[in-house]
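Colleague: I am attaching a structure below and will ask some questions about it afterwards.
The values are calculated or read from the model by the stated rules, or taken from the named source; none is laboratory data. All values reported here derive from a predicted model rather than from experimental measurement. Don't worry about glycine lacking a Cβ; one is built from the backbone with ideal geometry, like all the others, and counts go over all protein chains shown.
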Amino acid sequence: MLKLQNTLSGQVEEFRPLKGNLVRMYACGPTVYNYVHIGNFRTFVFVDLLRRYLLYLGYDVLHVMNITDIDDKIIKRSVETGKSLREYTSEYLQAFLEDLDHLNIQRPEKMPNATDHIPEMVALIDKLKDQGHIYTSDGSVYFNIATFPDYGKL
């Protein structure tokens, strides 16, 4: 039996998947504008240990880790090098994947790239805008935490 600290309740509780035997696990992946350093891998090692333990306990695990392959730094460096975003980030993504393998970290079942989901992000931003949850500053869009009373609850 696996027990975890529930951050919301503050109690140690028995872990139970939301549906059947399937554990759906999301963990934020790297922003691929440079090589990942050992400090970054702390998160990936922990997630790998948790994933392996869940598998050991007999759960089916669907692990999703996003790859952030677009942000201000990436765009700037892509322009500076004269490479496309995909061309610029592919070197660092490949190095990250090789590092996972060298550290014997199991790869997630799904690793979606942010650039493959731009239309969905725009639609979400539009929805949040329509609901009055965003503000803009210097050309960037931000979530207005004042519109979400439970922000910071966890």
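Colleague: Look at L50 and say whether it is in contact (Cβ under 8 Å) with a residue 60 or more places away in the chain, surrounded by 12 or more Cβ atoms within 10 Å (Cβ to Cβ) and either touching a helix residue (DSSP H, G or I) at 6+ places or on another chain (Cβ under 6 Å) or assigned to a helix (DSSP H, G or I) (or both).
Modeller: no
Colleague: Report yes if some residue within segment 111-120 is under 19 Å from D48 (Cβ atoms) and in a helix (DSSP H, G or I); otherwise report no.
Modeller: Checked against the condition, which is being under 19 Å from D48 (Cβ atoms) and in a helix (DSSP H, G or I), segment 111-120 yields no hits at all.
Colleague: Right, another one. Out of curiosity, is I75 in a loop (DSSP other than H, G, I, E, B), surrounded by 13 or more Cβ atoms within 10 Å (Cβ to Cβ) and not assigned by TED's automatic domain parsing to the domain that holds G139?
Modeller: The answer is no for I75.
Colleague: Then there is this: For L62, all conditions in the list (1) assigned to a loop (DSSP other than H, G, I, E, B); (2) in contact (Cβ under 8 Å) with a residue 12 or more places away in the chain; (3) over 14 Å from Y33 (Cα atoms); (4) out of contact with any Gly (no Cβ under 9 Å at 6 or more places or on another chain) hold save one; what is the number of the exception?
Modeller: All conditions pass for L62, except number (1).
Colleague: Inspect segment 2-24 for any residue being surrounded by fewer than 12 Cβ atoms within 10 Å (Cβ to Cβ), touching a residue at least 40 places away in the same chain (Cβ under 8 Å), hydroxyl-bearing (S, T, Y) and not assigned by TED's automatic domain parsing to the domain that holds S140 and give the result as yes or no.
Modeller: Checked against the condition, which is being surrounded by fewer than 12 Cβ atoms within 10 Å (Cβ to Cβ), touching a residue at least 40 places away in the same chain (Cβ under 8 Å), hydroxyl-bearing (S, T, Y) and not assigned by TED's automatic domain parsing to the domain that holds S140, segment 2-24 yields at least one hit.
Colleague: Something else about it: Please work out if L154 is assigned to a helix (DSSP H, G or I), closer than 27 Å to V23 by Cβ and touching a residue at least 24 places away in the same chain (Cβ under 8 Å).
Modeller: no
Table: residues versus (1) in contact with a Phe, Trp or Tyr (Cβ under 8 Å, 6 or more places away or on another chain); (2) at pLDDT 95 or above; (3) among the charged types (D, E, K, R); (4) farther than 30 Å from Y151 by Cβ.
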position	(1), (2), (3), (4)
S90	no, yes, no, yes
L93	no, yes, no, yes
D99	yes, yes, yes, yes
E120	no, yes, yes, no
L124	no, yes, no, no
H133	yes, yes, no, no
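Colleague: Moving on to the next point. With respect to T115, is the statement that it is within 20 Å of the chain's Cα centre (by Cα), surrounded by 13 or more Cβ atoms within 10 Å (Cβ to Cβ) and more than 25 Å from L22 (Cβ to Cβ) true?
Modeller: yes
Colleague: Is it the case, given these coordinates, that L128 is surrounded by 13 or more Cβ atoms within 10 Å (Cβ to Cβ), out of contact with any Ser or Thr (no Cβ under 6 Å at 6 or more places or on another chain) and in a helix (DSSP H, G or I)?
Modeller: So L128 passes the test.
Colleague: Find the residue count for segment 90-147, including only residues that are of a type in the set (F, W, Y) and in contact with a Gly (Cβ under 9 Å, 6 or more places away or on another chain).
Modeller: Number of matching residues: 1.
Colleague: A follow-up question, please. Inspect segment 89-112 for any residue being in contact with a Ser or Thr (Cβ under 7 Å, 6 or more places away or on another chain) and of a type outside the set (S, T, Y) and give the result as yes or no.
Modeller: Looking through segment 89-112, none of the residues is in contact with a Ser or Thr (Cβ under 7 Å, 6 or more places away or on another chain) and of a type outside the set (S, T, Y).
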